[in-house]
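The block underneath contains the structure these notes are about, expressed in structure tokens.
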Amino acid sequence: MFFLFLLLFLLSETKPKIEAKLTSIPPKIDGNIESIWQTGDSAKNFIQQLPDEGKPASESTTVYLLYDSDNLYVAFRCYCRNLQEINRQVVPRDNTEGDRVGFILDTFDDQNTAYYFIVNASAVQSDYYVSSDFRSWDKSWDGVWYSEAKLTDYGYCVEFQIPFRAIRYKPGISEWGINFARYITVNGERVHWAMQPRQGFRVSLSGRLHGIKPGVKGTNLEIYPVGLCRYEQKDKITIRPEAGLDVSWSLGTASTFQLTANPDFAQIEADPSQINLSKYELWYPERRPFFIEDAELFSLNGIQTFYSRRIGRPLITRQAVPIIAGAKLVAKFKRTDIGFLNALCQKVNYEPDSIVYTEPLSYFGVLRLRQHILKNSNLGLLYATKLNEDSSNSSLSFDGVFQHQDLAINAQTAYSEFKSSDKEMRGWAQCYQINYEGEKFSWAGEFSYLPEDFDVSGIGFVNRKGMFWWSDFGPNFYNLGSFRSLSLRASISGGKEVGEEVNRFGTGFGLSLEYDNKWGNWIGFGYIRDHEMELTFNQYSTDLSFWTDESKPLSISTGFYGTNKSYNYRRNYFAPYANLFLETGWQINPSFKSWLGINSTVEWDTVGKVEAVGWILHPTFRYALTKDLHLRIYSELNLDTKIHYLNLLISYNFRPKSWIYLAFNESRDDSESKFKLFERIAVVKIKYLFFF
């Protein structure tokens, strides 16, 4: 026992330390590091995480830290031997692109959660709230803080001002966890003040900030009145003003209440279309800010018994079910997390193909409890329900996560209940996962069982039922000649879907390569003894992809997947098919970037003749007039469905968390070669923050 305590003591002593020095003269946040910064403590001698773990950084970095009763101040002085190699990108907020610096603050000193503040060489801000020792992060978290960046004759400088009232912290402690980071784009180098392993960043490996004594706390009340004017043209033209309200109130040191009334998501980019030849539902990520924030607490790693896209879901007519109001409360105590989410969705009548359907008035409710145990592990419960006059759908899930360094083990059991006037179903499901991310070897595996009576279709996401298992494993190598990294992967899988009497079995092999020039490729081959439509058959597949350095002015990413035989549910026969994708990016200057994405699906018939080639094109343009004023043009040319889409968005972040949006959306139907207008919507939206 003595030697264990001695080892822990020695490990704790290896963490670098920085002292919080109180200043009576606050530094000016303008990107120029004036003499006042020299009175603060500093951090130097950064260490590589990538590409050469443990080696000194190739470029010198000095960080200064000060504080007063109201703010924490941090300044980075970044040296560059070749100023022409500084990658400057003027991108929208929360886009971490180009050369950049940042730091994390573990304000509860729990070695598990932290705030992460980032600024790139063009002064663009990003911020996140991270949890589970940086295994999860909330990109939607936006704080009220200030920064500036400037180019110099030796490199560039970045200054931060973090108001204490904009973050939450544990009262009564004078030590926080802290770490500083810098990303050098030209050679893909990621360096830290407190060393981090190449497998991933860890809050628990941060350095120590001593002597921090914040002198102020805010009420943390944020009120966002939203006003907008909407123009719609479909069968007729309508123009109407609308208003909404968002409220966020941090109750105490670690609890937040959020309210949204009549929310509008006109600024959110549409989901890209996909060609689906299978019988399974497609999964789309959440994009709406109200549901993204704190989404980590309501998410499960195994069976998704709650899927927030069910709230305000899109109908077959492309319109979304309006959300009348939503409320969310998240309380995080010392070792316990509690979350409540409620939403009420409006009754809607819609008419696809001249048949009137009704989406009834529906209530959604979610309860989440999570108890942290050991160092970075937890036990949890999640209850979700959807209620309306036609049916009810509920689920109760128990989950546990054990995490230790590079190992994570997840276990979950879930119960579901569905009731309607003509159907009633109840079922239990299980899921177990293991993931080991070592430096030289990695291994992942999963076993799941979902019976036919398990139904979460109204509140969750399950696209297939049955018993399934898979395992993926292989060695990792680094810095071998011209290879930055090389990973060999082998996999085996099996299972049996509900309604089938034959077990499936599959195996595969893959090779992942990343070169010194940051190009890379993947080569994979697979075999499955599959079963569809009462027929057992052998399926062989090839999976290839290739990409270049995305930080260069011109970048390319392309890939191919093909199989010799699969059941085509769109055409109702067995035949080969292939998917191809290509995306090119062109950074014309730091402010202007364009992309062209191309997706193609090739379908063969039963005798090997090409039946159809479906194309979906996504030309996209992004232009920054300033770092706070952006133009985005996103379009979709769908040559498969003949429905084409155009989105134009002008966004102006005129003060922290306050925005003006001008959004224009148009859909056209080219199925009869008439390019007929399907829908046109234009919205002017203003969102203003009152921060107390």
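The table below gives the values:
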read-out: Pairs where the first residue, in segment 309-323, is within 14 Å of Asp264 (Cα to Cα) and the second is surrounded by 15 or more Cβ atoms within 10 Å (Cβ to Cβ) and among the acidic types (Asp, Glu), C-beta under 6 Å, 6+ apart; value: Val321/Glu359
read-out: All positions within segment 660-692 that are part of a strand (DSSP E or B), within 20 Å of Thr260 (Cα to Cα) and at pLDDT below 90; value: Phe690, Phe691
read-out: Tally of residues being in contact (Cβ under 8 Å) with a residue 60 or more places away in the chain and either in contact with a helix residue (DSSP H, G or I) (Cβ under 8 Å, 6 or more places away or on another chain) or among the acidic types (Asp, Glu) (or both) across segment 221-242; value: 2
read-out: Single residue of Gly207, Gly177, Gly200, Gly215 found to be exposed (fewer than 14 other Cβ atoms within 10 Å of the Cβ) and closer than 30 Å to Ile86 by Cα; value: Gly200
read-out: Flag for Asp455 being outside any strand (DSSP E or B), out of contact with any helix residue (DSSP H, G or I) (no Cβ under 7 Å at 6 or more places or on another chain) and in contact (Cβ under 8 Å) with a residue 24 or more places away in the chain; value: yes
read-out: Odd one out for Arg368, checked against (1) crowded, with 17+ Cβ neighbours inside 10 Å; (2) of a type in the set (Lys, Arg); (3) not in a strand (DSSP E or B); value: (3)
read-out: Boolean, Asn589 is within 30 Å of Phe678 (Cβ to Cβ) and at pLDDT below 95; value: no
read-out: Boolean, Asp455 is within 30 Å of Leu361 (Cβ to Cβ) and at pLDDT below 95; value: no
read-out: Those strands (runs of 3 or more DSSP E) lying entirely in segment 535-636 with at least 2 residues within 22 Å of Leu649 (Cβ to Cβ) and over 23 Å from the mean Cα position of the chain (by Cα); value: 573-589, 610-624
read-out: Test: residue in segment 616-625 that is crowded, with 18+ Cβ neighbours inside 10 Å and under 30 Å from Ser566 (Cβ atoms); value: yes
read-out: Candidates Asn388, Asn349, Asn342, Asn393 - the one that is farther than 21 Å from Gly326 by Cα, of a type outside the set (Lys, Arg) and assigned by TED's automatic domain parsing to the domain that holds Leu297; value: Asn349
read-out: Residue satisfying all of: in segment 69-84; under 19 Å from Pro163 (Cβ atoms) and part of a loop (DSSP other than H, G, I, E, B); nearest to the chain's Cα centre (by Cα) among these; value: Asp70
read-out: Filter result (closer than 18 Å to Leu625 by Cα and aromatic (Phe, Trp, Tyr)) within segment 636-666; value: Tyr652, Phe654, Trp659, Tyr661
read-out: Qualifying residue in segment 517-540 (condition: among the polar types (S, T, N, Q) and surrounded by 17 or more Cβ atoms within 10 Å (Cβ to Cβ)); value: yes
read-out: Elements of type strands (runs of 3 or more DSSP E) contained in segment 203-317, each with 3 or more residues being among the aliphatic types (A, V, I, L, M) and over 23 Å from the mean Cα position of the chain (by Cα); value: 221-233, 237-250
read-out: Residue pairs meeting the criteria (Cβ under 6 Å; at least 6 apart or on separate chains; first outside the structural domain of Ser391 (by TED's automatic domain parsing) and surrounded by 11 or more Cβ atoms within 10 Å (Cβ to Cβ), in segment 354-365; second at pLDDT below 85 and part of a strand (DSSP E or B)); value: none
read-out: Those residues of segment 453-493 which are of a type in the set (S, T, N, Q), surrounded by 16 or more Cβ atoms within 10 Å (Cβ to Cβ) and touching an Asp or Glu at 6+ places or on another chain (Cβ under 8 Å), in sequence order; value: Asn476, Ser485, Ser491
read-out: Test: residue in segment 40-49 that is within 26 Å of Tyr146 (Cα to Cα), in contact (Cβ under 8 Å) with a residue 24 or more places away in the chain and assigned to a helix (DSSP H, G or I); value: no
read-out: Search result, residues across segment 430-443 that are of a type in the set (Gly, Ala, Ser) and surrounded by fewer than 16 Cβ atoms within 10 Å (Cβ to Cβ); value: Gly438
read-out: Unique match (being small (Gly, Ala, Ser), at pLDDT below 85, outside the structural domain of Ala624 (by TED's automatic domain parsing) and out of contact with any Phe, Trp or Tyr (no Cβ under 6 Å at 6 or more places or on another chain)) among Ser122, Ser131, Ser126; value: Ser131
read-out: Residue, nearest to Ser416 (Cα to Cα), within segment 428-452, restricted to residues that are among the polar types (S, T, N, Q) and without any contact (Cβ under 8 Å) to a residue 40 or more places away in the chain; value: Gln430
read-out: Candidate set from segment 397-429 (those that are among the aromatic types (Phe, Trp, Tyr) and within 29 Å of the chain's Cα centre (by Cα)); member that is surrounded by the fewest Cβ atoms within 10 Å (Cβ to Cβ); value: Phe398
read-out: Given (1) buried (at least 16 other Cβ atoms within 10 Å of the Cβ); (2) more than 30 Å from Arg484 (Cβ to Cβ), index of the condition Gly508 fails; value: (2)
read-out: Boolean, Asn572 is out of contact with any strand residue (DSSP E or B) (no Cβ under 9 Å at 6 or more places or on another chain) and not acidic (Asp, Glu); value: yes
read-out: Segment 375-403 residues that are in a loop (DSSP other than H, G, I, E, B), paired with ones that are acidic (Asp, Glu) (beta carbon under 9 Å, 6 or more apart); value: Lys375/Asp133; Asn376/Asp133; Asn388/Glu359
read-out: Filtered residues of segment 288-316 (kept if surrounded by 15 or more Cβ atoms within 10 Å (Cβ to Cβ) and among the charged types (D, E, K, R)); value: Arg288, Glu293, Asp294, Glu296, Arg309, Arg310
read-out: Only one of Leu105, Leu151, Leu66 that is in contact with a helix residue (DSSP H, G or I) (Cβ under 9 Å, 6 or more places away or on another chain) and either crowded, with 21+ Cβ neighbours inside 10 Å or in the same structural domain as Phe592 (by TED's automatic domain parsing) (or both); value: Leu66
read-out: Single condition Ser394 does not satisfy, out of (1) of a type in the set (Ser, Thr, Tyr); (2) exposed (fewer than 15 other Cβ atoms within 10 Å of the Cβ); (3) at negative phi; value: (2)
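Residue-wise test of (1) among the β-branched types (Val, Ile, Thr); (2) closer than 27 Å to Phe621 by Cα; (3) modelled with pLDDT under 85.
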{"site": "Ala266", "(1), (2), (3)": "no, yes, yes"}
{"site": "Asp271", "(1), (2), (3)": "no, yes, yes"}
{"site": "Gln274", "(1), (2), (3)": "no, yes, no"}
{"site": "Tyr280", "(1), (2), (3)": "no, no, no"}
{"site": "Tyr284", "(1), (2), (3)": "no, yes, no"}
{"site": "Gln304", "(1), (2), (3)": "no, no, no"}
{"site": "Tyr307", "(1), (2), (3)": "no, no, no"}
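The values are calculated or read from the model by the stated rules, or taken from the named source; none is laboratory data. None of these values were measured; they are calculated from a predicted model. Methodologically, a virtual Cβ is constructed for each residue, glycine included, from the backbone with ideal geometry; neighbour enumeration extends over all protein chains shown.
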